[in-house]
1. Run the accessible area of the stretch 28-235 with a 1.4 Å probe and give the carbon-and-sulfur part as a rounded percent.
2. Applying the Karplus parametrisation 6.51 cos²θ - 1.76 cosθ + 1.60 with θ = phi - 60° to the phi angles of the stretch 428-435, what ³J(HN,Hα) value in whole Hz is obtained for each residue in order, glycine and proline being reported as x?
3. Tell me which residues come under 5 Å, amide H to amide H, from I107 once H is placed; ignore anything under 5 positions away on its chain.
4. Give the accessible area for H126 in Å² (nearest 10); use a 1.4 Å probe, count only protein heavy atoms, and leave out ligands, DNA and RNA.
5. For W203, list long-range residues whose amide hydrogen, built 1.01 Å from N in the peptide plane, is under 5 Å from its own amide hydrogen.
6. Which of the trypsin sites (Lys or Arg not before Pro) found in the stretch 128-158 are in a DSSP loop and have at most 12 neighbouring Cβ atoms, other than their own, within 10 Å?
7. For the stretch 148-257, which chymotrypsin sites (Phe, Trp or Tyr not before Pro) are both in a DSSP coil and crowded by at most 11 other Cβ atoms within 10 Å?
8. Just the accessible area per residue of the stretch 28-235, please: how many Å² with a 1.4 Å probe?
Amino acid sequence: SPGSRHSLYVGLTLSFLIKLVTCRCAHGKYAQKLLKDLFTNYTSALRPVEDTNNILNVTLQVTLSQIIDMDERNQILTAYLWIRQVWVDAYLKWNKDDYDGLDTIRIPSSYVWRPDIVLYNNADDHFTGSMDTNVVIRHDGQIMWDSPAITKSSCKVDVSFFPFDAQQCRFTYGSWTYNGNQLDILNALESADLADLVENVEWEILGMPAKKNIIQYGCCADPYPDVTYTLKLKRKASFYIFNLLIPCVMISFLAPLGFYLPADSGEKVSLGVTVMLALTVFQLLVAEIMPPSENVPLIGKYYIATMTMITASTALTIFIMNIHHCGPDAKPVPKWAKKVILQYMARMCFVYEVGENCMSPQPEKQEPPTVKNNCTMNGQAGTCREDCRQLLRNIEYIANCYRDQRATQKRTGEWKKVAKVLDRFFMWIFFIMVFFMSLLIMGKAI
């Protein structure tokens, strides 16, 4: 009947709960007894080996969880690691059948002996080590200690190719007091575990291989083994490309346009100085985040080259403006300058006068006719002789002034055309220089 089935179900459930509580109580009872038996005559001060001549093997495994910060200026890498150390304690063994099948216990790590494995290249001010978590002890004496740690390690940063650089930071772990004849370190894996890695916004993790080294220091005759993990990093350059590089390239292309500005505008030199100040600001931004090193970053070289080019362009602009504003007392344009600059270079740079094109040469302007003295003296015109001579002298004076003015205008116009041709020539030269410099720096990003 439904009532009997319900009563049977309730009875079975109560029976199971009673057995479970009884089992847990028994396990707790045996765990307390085991803890008391193991640590009755145990000391955590001595190396847990039966024979002092035996070498204690410690297996080390590192899991990289997160790269917290890379301080290039101080050359310090801050990382979050999970460190697992496994060794065998000869004095912490038991027969699990004597303790109701209890094969593992978890106790505070301060109860047992722990290897003094530290990070050799630690750069932390407080020298904080791993967290004091529990250890897991198996019945055969194997102890596994998993502890998280936030480490600050020294890392030699090479910024020669910043922001397209790659770095290698090393984590060297070894015993501080035990030599290789007392404690040996083994690699659990050929590389650190990166399965639980939190992706970093600035750095791409290429790998973290492990290598065991046996070093004999000058102070001691015994060898000291260590395990070195090499963290291979590659910088993600997108942030720096969009915030430092592309603005600099765009500003650099403004420098050659200073040659295109009309000389009478009065803003040619001001544009060069403004571009120079803008690049100086970007140069200071890069200098703030880079370590003081002899290796100049790639982007710093680009800034210096661009600033040098802008300095040269500003100096050339001043020189060309001097040519443009040659006064009426200036000497005529030399013949070689007329041939090289006003003919060949003007055609190369497509500089023509108004109404002139590349197909038809500029027509020569005709000079006013020379006034000749055709006044004849006869009897009827003798009375106006003096007036006629005075009039002719006046007309000749006006014609000479006109010729002098035209010659001065022509000479001044030639110098202005020389300045214009030089402006266009240097504009194309500097455009080509900026283009190839930008192409070179962008090619590093590919």
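The values are calculated or read from the model by the stated rules, or taken from the named source; none is laboratory data. All values reported here derive from a predicted model rather than from experimental measurement. No Cβ is skipped: glycine too gets one built from the backbone with ideal geometry, and neighbour counts run over all protein chains shown. Heavy atoms of the whole protein, side chains included, go into the accessibility calculation; ligands, DNA and RNA do not. Shrake-Rupley method; radii C 1.70, N 1.55, O 1.52, S 1.80 Å.
1. Working: 5250 of 11000 Å².
That share works out to 48 percent.
2. Once θ is set to phi - 60°, the couplings for the stretch 428-435 become 5, 4, 6, 4, 5, 5, 5, 5 Hz.
3. Amide H neighbours of I107: V135, I137.
4. Taking all protein chains as shown, H126 has close to 150 Å².
5. For W203, whose amide H was placed from the backbone, the distant partners under 5 Å are K236.
6. Details: sites: R138, K152, K156; in loops: K156.
Sparse-neighbourhood loop trypsin sites (Lys or Arg not before Pro): K156.
7. Numbers: sites: F161, F164, F171, Y173, W176, Y178, W203, Y217, Y229, F239, Y240, F242, F253; in loops: F161, F164, W176, Y178, Y217, F253.
Loop-located and lightly packed - W176, Y217.
8. Numbers: 11000 Å² over 208 residues.
Heavy-atom accessible area per residue stands at 53 Å².
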